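Student: Below you will find the structure I want to go over with you.
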Amino acid sequence: GENVEQHPSTLSVQEGDSAVIKCTYSDSASNYFPWYKQELGKRPQLIIDIRSNVGEKKDQRIAVTLNKTAKHFSLHITETQPEDSAVYFCAASTTNAGKSTFGDGTTLTVKP
Amino acid sequence: GAVVSQHPSWVICKSGTSVKIECRSLDFQATTMFWYRQFPKQSLMLMATSNEGSKATYEQGVEKDKFLINHASLTLSTLTVTSAHPEDSSFYICSARDLREVPDTQYFGPGTRLTVL
């Protein structure tokens, strides 16, 4: 089955700096890669996603890049703010199967 | 985006009792829902895929008789933890696929915190 590895497990940055979280996956059939933000005690919220036919996608301060050949994808957050502090999960799935395999999560702390 | 609700949001029960958790898609129909378990500071562990009108598909290592799943309608899936024990205490989260979106996005419920005494 699919295996997703996520790094780093914790990340601390100063407000205004950029943050990068990286994930690798094992199943070449995976074609959909969402990123979720989860605040303590709350549900995961989809923040951005990318399909395998696209190399990069951007939404304001958030961007995701995908290297299908190397089987890795990354989340980039620019101009970080304290409210960006949360746990971020990457995931990989095939759209037909629907079920996602999640990375172990990255706890991001943005210091004011 | 689509809305998924869960009930109850938290429950405390005695060891040996059964607990039912409901997952509802409020503004869309979901032929497929997923049940996850999450331990503190850990990732989401998929327990099973709930399919409307058919049997659930359980992940390896998840006891079918322990975690009963019923997906009786296009908007409701239930997870029943039978004969609960303290080790079943966890945060249970469901998600539902909104097939109106391409790719079909998963939307998560708010989660149910189960504490077994």
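Student: Which of the residues belonging to the range B:94-115 are in contact with a Cys (Cβ under 9 Å, 6 or more places away or on another chain), crowded, with 18+ Cβ neighbours inside 10 Å and on the phi < 0 side of the Ramachandran plot?
Tutor: Initially, the range B:94-115 is screened for residues in contact with a Cys (Cβ under 9 Å, 6 or more places away or on another chain), giving B:94-96, B:108-109, B:111-112, B:114-115.
With the extra rule that they be crowded, with 18+ Cβ neighbours inside 10 Å, the set shrinks to B:94-96, B:108-109, B:111-112, B:114.
Residues satisfying the conditions are B:94, B:95, B:96, B:108, B:109, B:112, B:114.
Student: Suppose we filter B:11, B:116 for residues that are more than 10 Å from chain A (Cβ to nearest Cβ), in contact with a helix residue (DSSP H, G or I) (Cβ under 6 Å, 6 or more places away or on another chain) and over 30 Å from residue A:8 (Cα atoms); which single one remains?
Tutor: On the way: B:11 fails: in contact with a helix residue (DSSP H, G or I) (Cβ under 6 Å, 6 or more places away or on another chain).
Just one listed residue meets the conditions, B:116.
Student: With (1) hydroxyl-bearing (Ser, Thr, Tyr); (2) within 27 Å of residue A:92 (Cα to Cα); (3) part of a strand (DSSP E or B) as the list, and residue B:80 as the residue in question, which single condition is left unmet?
Tutor: Single failed check for residue B:80: (2).
Student: A further question on this structure: Take the range A:58-112 and flag every residue that is in a loop (DSSP other than H, G, I, E, B) and without any contact (Cβ under 8 Å) to a residue 60 or more places away in the chain. If you could, list the steps in order and put the result at the bottom.
Tutor: Here is the first cut: in the range A:58-112, the ones in a loop (DSSP other than H, G, I, E, B) are A:60-61, A:68-71, A:78-81, A:85, A:94-99, A:103-105, A:112.
Matches in the range A:58-112: A:60, A:61, A:68, A:69, A:70, A:71, A:85, A:96, A:97, A:98, A:99.
Student: Can I ask one more? Just checking, how many residues over the range B:46-68 are in contact (Cβ under 8 Å) with a residue 12 or more places away in the chain, within 14 Å of chain A (Cβ to nearest Cβ) and not polar (S, T, N, Q)?
Tutor: So the count comes out to 7.
Student: Considering only the range A:42-55, state which residues are within 8 Å of chain B (Cβ to nearest Cβ) and not in a strand (DSSP E or B).
Tutor: Scanning the range A:42-55 gives A:42, A:43, A:44.
Student: Among the residues of the range B:32-45 satisfying the criterion of being over 9 Å from residue B:91 (Cβ atoms) and of a type in the set (Phe, Trp, Tyr), which is farthest from the other protein chains (Cβ to nearest Cβ)?
Tutor: Going residue by residue through the range B:32-45, those that are over 9 Å from residue B:91 (Cβ atoms) are B:32-35, B:41-45.
With of a type in the set (Phe, Trp, Tyr) added as a condition, the list becomes B:34-35.
On the way: B:34: 6, B:35: 11 Å.
Here the answer is B:35.
Student: Would you confirm whether or not the range A:75-98 contains a residue that is more than 14 Å from chain B (Cβ to nearest Cβ) and among the hydrophobic types (A, V, I, L, M, F, W, C)? Don't jump to the end; show me each part of the working.
Tutor: As a first pass, look at the range A:75-98 and keep what is more than 14 Å from chain B (Cβ to nearest Cβ): A:75-85.
Keeping just the survivors that are among the hydrophobic types (A, V, I, L, M, F, W, C) gives A:75, A:77.
Within the range A:75-98, one or more residues are more than 14 Å from chain B (Cβ to nearest Cβ) and among the hydrophobic types (A, V, I, L, M, F, W, C).
Student: Do the conditions hold for residue B:109, that is, is it within 12 Å of chain A (Cβ to nearest Cβ) and under 20 Å from residue A:99 (Cα atoms)?
Tutor: It is true that residue B:109 is within 12 Å of chain A (Cβ to nearest Cβ) and under 20 Å from residue A:99 (Cα atoms).
Student: Please work out if residue A:27 is more than 11 Å from chain B (Cβ to nearest Cβ), outside any strand (DSSP E or B) and closer than 19 Å to residue B:46 by Cα. Even if it seems obvious, please write down each step before you answer.
Tutor: On the way: more than 11 Å from chain B (Cβ to nearest Cβ): yes; outside any strand (DSSP E or B): yes; closer than 19 Å to residue B:46 by Cα: yes.
Against the criterion (more than 11 Å from chain B (Cβ to nearest Cβ), outside any strand (DSSP E or B) and closer than 19 Å to residue B:46 by Cα), residue A:27 qualifies.
Student: Which numbered condition trips up residue A:58, out of (1) within 18 Å of residue A:110 (Cα to Cα); (2) surrounded by fewer than 16 Cβ atoms within 10 Å (Cβ to Cβ); (3) modelled with pLDDT of 95 or more?
Tutor: Result: residue A:58 fails condition (1) only.
Student: Continuing with this model, one more query. Taking the condition under 13 Å from the mean Cα position of the chain (by Cα), under 18 Å from residue A:105 (Cα atoms), more than 9 Å from every other protein chain (Cβ to nearest Cβ) and touching a residue at least 40 places away in the same chain (Cβ under 8 Å), does residue B:90 pass? Step through it out loud before you land on a result.
Tutor: Numbers: under 13 Å from the mean Cα position of the chain (by Cα): yes; under 18 Å from residue A:105 (Cα atoms): yes; more than 9 Å from every other protein chain (Cβ to nearest Cβ): yes; touching a residue at least 40 places away in the same chain (Cβ under 8 Å): yes.
In short, yes.
The values are calculated or read from the model by the stated rules, or taken from the named source; none is laboratory data. None of these values were measured; they are calculated from a predicted model. Reconstructed Cβ throughout: ideal geometry from the backbone, glycine too, with neighbour counts over all protein chains shown.
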